[in-house]
1. If you roll a 1.4 Å probe over the heavy atoms of the protein chains, what accessible area per residue do you get for region 30-81, in Å²?
2. Run through region 91-142 and list the trypsin sites (Lys or Arg not before Pro) located in a DSSP loop whose Cβ has at most 12 other Cβ atoms within 10 Å.
3. With point charges of +1 on the Cβ of Lys and Arg and -1 on the Cβ of Asp and Glu, referenced to the Cα centre of region 6-121, which listed residue (L118, P93, L49) lies farthest in the positive direction of the dipole?
4. Of all accessible surface on region 38-137 at a 1.4 Å probe, what whole percent is carbon and sulfur?
5. I need the chymotrypsin sites (Phe, Trp or Tyr not before Pro) found in region 45-133, filtered to DSSP loop residues with at most 14 other beta carbons within 10 Å of theirs.
6. Stretched out fully, how many nm does the piece from S94 to S58 gain, at 0.36 nm a residue minus the Cα gap?
Amino acid sequence: MATDGPPAPRPLWRDLARSAAVAVTLALLLRGSVVESFSIPSGSMVPTLEPGDRVFVSKLAYGVRLPFTGVALVELPGPRRGDVIVFHDPRDPSQALVKRVVGVAGDRVELREQVLWLNGVPQPRADLGELSYEEPGEGGGPPRADTCRRFRESLALGRVEPPPDQETDGVVTGSVIEV
């Protein structure tokens, strides 16, 4: 005998479980292919980024990859000078490193007496004095105070060609980015 009444309501727990499963799946896909959050592990980027700061990283900046596989679907041009990038430490893949790109493929990068040289051309900088900050403690221990010199640096964006005689006067021509 058939009844024409309304169907029995679904249990509330079933609707909640379905909604939670959809939310978790979307979050994993988003984290795996679009954007991810990272914590700054050390003071190497002070004062721009300090230890413990969190940054959101676009995973689409240099191409599209299948989530959790690293297989490239679409390749885009790689990093340029001045970009801040996040990558895994080759010695400890569980550790993410955050660094600024100063040289690209084909560049000769040197550090002479604490001055950055690209292809034989020194990159201009101005000394802004000393900066104090806290460095995370070893193994989760208490933070320690540290200091470093602070500079305003200019980084050439285009191709940096050394002068024909390799002599430089500290002048860089072309577009410049403040870092």
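1. 63 Å²
2. Taking region 91-142 and a limit of 12 other Cβ atoms within 10 Å, the loop trypsin sites (Lys or Arg not before Pro) found are R91, R108.
3. P93
4. Working: 3510 of 6210 Å².
Here carbon and sulfur together make up 56 percent of the probe-accessible area.
5. Passing both the DSSP loop test and the Cβ count: F68.
6. 11.1 nm
The values are calculated or read from the model by the stated rules, or taken from the named source; none is laboratory data. Note that this is a predicted model, so its numbers are computed, not measured. Cβ coordinates were reconstructed from backbone atoms using ideal geometry, including for glycine residues, and neighbour counts include every protein chain displayed. Quick note on the areas: whole protein, heavy atoms, side chains included, nothing else; ligands and nucleic acids left out. Shrake-Rupley method; radii C 1.70, N 1.55, O 1.52, S 1.80 Å.
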